[in-house]
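The values are calculated or read from the model by the stated rules, or taken from the named source; none is laboratory data. What you are looking at is a predicted structure, and each value in this text was computed from that prediction instead of being measured. Backbone-built Cβ (ideal geometry, glycine too); neighbour counts: all protein chains shown.
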Amino acid sequence: MPESEDHRVAELVPFDIVRSENSEQQQVELTDAQKSQRNSAGTLDIQNTKAWRQAEIPSANGQGNAGGLAKLYSLIVPEDNSLKLLKDDTVNQMTTMQIEGRDLVLAVQVRWGVGFILNKHKIIYGPVEGAFGHSGYGGSCAFGDPENKIGVSYVMNRMLDNFNADGRSIELINATYDCL
């Protein structure tokens, strides 16, 4: 991220766990892959530095906001094809399962397309099996829904200490679909 944009970044802060009906906060043993990521990204003190934000660390320190991510996904699955960002063949590769199994970093069963997690059992990214996206550390997620032609994103600066969805994102996704 360019230094000129650093003033726009919200500081990451720990989240005091507040249970919601959809949250399943539990202690789990970290995998070796998760431990290796925490060596570089384990503390908010490191993640809040300019050096961290300016580094280019794939899958570890993306900087963006919910509106930008939702817009990106909406341009991958637009209602108006003249706005389509990617070719159909590219989207097909992204949304065709390449591998399925226990992800060594996320420590859960995942179906992967090329670069994107595919919705499984209609629970990760809403009620549409064809939805695809990516989830991030702390509970963030962004995805595209080709059936409803929408992009959805949830990002936050109050970080949960996990790699999986939490009650906050699940409740917001459910509310989004209730409005459709």
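Quick notes on this one:
- Strands (runs of 3 or more DSSP E) enclosed by the range 77-180 - at least 1 residues per element that are of a type in the set (Ser, Thr, Tyr), in contact with a strand residue (DSSP E or B) (Cβ under 6 Å, 6 or more places away or on another chain) and buried (at least 18 other Cβ atoms within 10 Å of the Cβ): 132-135, 150-154
- Taking the criterion of being part of a loop (DSSP other than H, G, I, E, B) and not hydroxyl-bearing (Ser, Thr, Tyr), the residues of the range 55-72 that qualify are ALA55, GLU56, ILE57, PRO58, ALA60, ASN61, GLY62, GLN63, GLY64, ASN65.
- Of all residues in the range 107-124, those being farther than 20 Å from THR90 by Cα and without any contact (Cβ under 8 Å) to a residue 60 or more places away in the chain number 8.
- Where LEU85 falls short, out of the listed (1) out of contact with any Leu (no Cβ under 8 Å at 6 or more places or on another chain); (2) free of Cβ contacts under 8 Å to residues at least 60 places away in the same chain; (3) of a type in the set (A, V, I, L, M): (1)
- Residue check, ILE57 under 28 Å from ASN157 (Cβ atoms), modelled with pLDDT under 95, exposed (fewer than 13 other Cβ atoms within 10 Å of the Cβ) and not hydroxyl-bearing (Ser, Thr, Tyr): yes
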